[in-house]
Amino acid sequence: MPNKRKIINDPVFGFLSIPNDLIFDVLQHPYVQRLSRIRQLGLSYLVYPGAMHSRFSHSLGAMHLMQEAITALRLKGVEITEEESTAAQIAILLHDIGHGPFSHVLEHTLVDGVTHEDISLLMMERINIDLSNVQRDDVSCTKESKPLDMAIAIFRNEYPKHFLHQLISSQLDVDRMDYLCRDSFFTGVQEGRVASERLLKMLDVRDDRLVVQVKGIYSVEKFLVARRLMYWQVYLHKTSVAAEQQLIKILSRAKQLAREGQGTKELFCSPALHYFLYNPISFDDFSVKSKALDQYALLDDTDVLSAIKVWISSGDRVLSVLSRSFIDRSLFRGELLDQPLTEAEKKELNAHYAALLGVTEDEASYLWSEHVSTSNTYSEKADSIDILYSDGTVRDIADASEILDLAALTRKPIKRYLFKLREVEN
């Protein structure tokens, strides 16, 4: 029997351990291995060249932090069984499994009305089916315990212990702790670093909810400030957003050409990308054993980039110009807008690019984009970050913090941009 108790060397947290055979088998599933071919930060490498890390490495890091969180809670007397521990680690390991290439780009172009959360759940259920008949000696994987069923219940917030779901999805979860630490490490943006080890050691549970001991309040404040800075410095960096908007336009144009069937020659693309370009795929097409899910699971960054490189030579002027400028990093140029574009301004843009490239005004609409970027640090509508005081009282961080107030935490700054193709020779 192969040794499944592996140790993985992670540049952010050091040595990570795979605690049992079931988690190893989950890691080996093709759906999970696919994440190693998808960049965690999408197109941010165009701004931060070091941001080449994968969603697979993020999932491993989040699983490690889940192990640390469970250990810390057990030391405080919180009851977490071995089956619950395994299930929680599987749930966080699979929390991002439904992401497509380049983050949310596919959700806006190739599929209609399907989110990565929807696909994540379907993939979890498929993995559960695929691994249900695998025989193991591991006591945590007995037929009676069904840890994958439990993992799905935790992920969907249907398991009785709500705090386990909070460790996966809340305003202070191990997902956010890992991506802030990992993304700041690989981008070199030091403002994003958080004290994840201290935060985890300060966790406790009261009334089935996660709380943070009051002596960890400064680490929580730093966490929230770091998250805000990382969003505007990295995740919503103007150049990264410009590249994403251009990629959306490229895929939208390719899908339009495929739908119209222009020309006798089909667009070059992998079979998986071809499936989504040439078929109108919606939520109704997805199920646990559907062709849509199988094809989606074959998509990664390589499919998209290799197609765009070939589309440079496309006979369609719009697709060719967009693809060339994207590959050469002559990306959309961004301008801040004080207010939304008027219909007259949109018509003027279309007329300008139509004349510049010798295309129709409808085709020219692919050469620019109006986009709004927004993010809030803290949501008062979601699970709050609760601070536990020595007398047993619990207060929301927005009330407990001396340097952060509710208005500042929940305010959603908005930046409206016009992204447009740089001038090209006709």
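The values are calculated or read from the model by the stated rules, or taken from the named source; none is laboratory data. Since the structure is predicted, the reported quantities are computational estimates derived from the model, not experimental observations. Heads up, the Cβs are rebuilt from the backbone with ideal geometry, glycines too, and the neighbour counts pull from every protein chain shown. Remember, those area values only see protein heavy atoms, side chains included, never the ligands or the DNA or RNA. Shrake-Rupley method; radii C 1.70, N 1.55, O 1.52, S 1.80 Å.
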message = For the range 37-189, what does the relative contact order come out to in percent, with C-alpha contacts under 8 Å and a separation of six or more?
response = 30
Centroid-to-centroid separation of the range 304-321 and the range 380-422 [C-alpha atoms, Å] = 43
note = Using a 1.4 Å probe on heavy atoms of the protein chains only, the accessible area for MET150 in Å², nearest 10, reads 30
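Looking at the chain, what % of its DSSP beta bridges pair antiparallel, to the nearest 5? Let's see the in-between values first.
Working: 25 of 30 bridges.
If I count the DSSP bridges inside the chain, around 85 percent turn out antiparallel.
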key: Proximal charge balance of ILE403 [Cβ under 11 Å; K/R count +1, D/E count -1]   = -2
key: Whole-Hz couplings from phi, Karplus 6.51/-1.76/1.60, listed for the range 279-285; x for Gly and Pro   = 10, x, 9, 10, 4, 5, 7
request  = Would you kindly derive the ³J(HN,Hα) couplings of the range 244-255 from the backbone phi angles with the Karplus curve 6.51 cos²θ - 1.76 cosθ + 1.60 (θ = phi - 60°), listing them in order in whole Hz, with x for Gly and Pro?
outcome  = 5, 5, 5, 5, 4, 5, 4, 5, 5, 5, 4, 5
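Write out the chymotrypsin sites (Phe, Trp or Tyr not before Pro) in the range 16-125 meeting two conditions: DSSP loop, and at most 13 other Cβ atoms within 10 Å of their Cβ.
Numbers: sites: PHE24, TYR31, TYR45, PHE56, PHE102; in loops: PHE102.
Listed in order of number, the matching sites amount to none.
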note = So, relative contact order of the chain in percent, Cα under 8 Å, 6 or more apart, is 16
task = Please work out the C-alpha center-to-center distance from the range 155-200 to the range 275-299 and express it in whole Å.
result = 30
Whole-angstrom gap from the range 212-227 to the range 1-76, using each part's C-alpha centre = 24
ask   = What's the angle, to the nearest 10 degrees (0 to 90), between helix 174-187's Cα axis and the longest principal axis of the chain?
value = 50
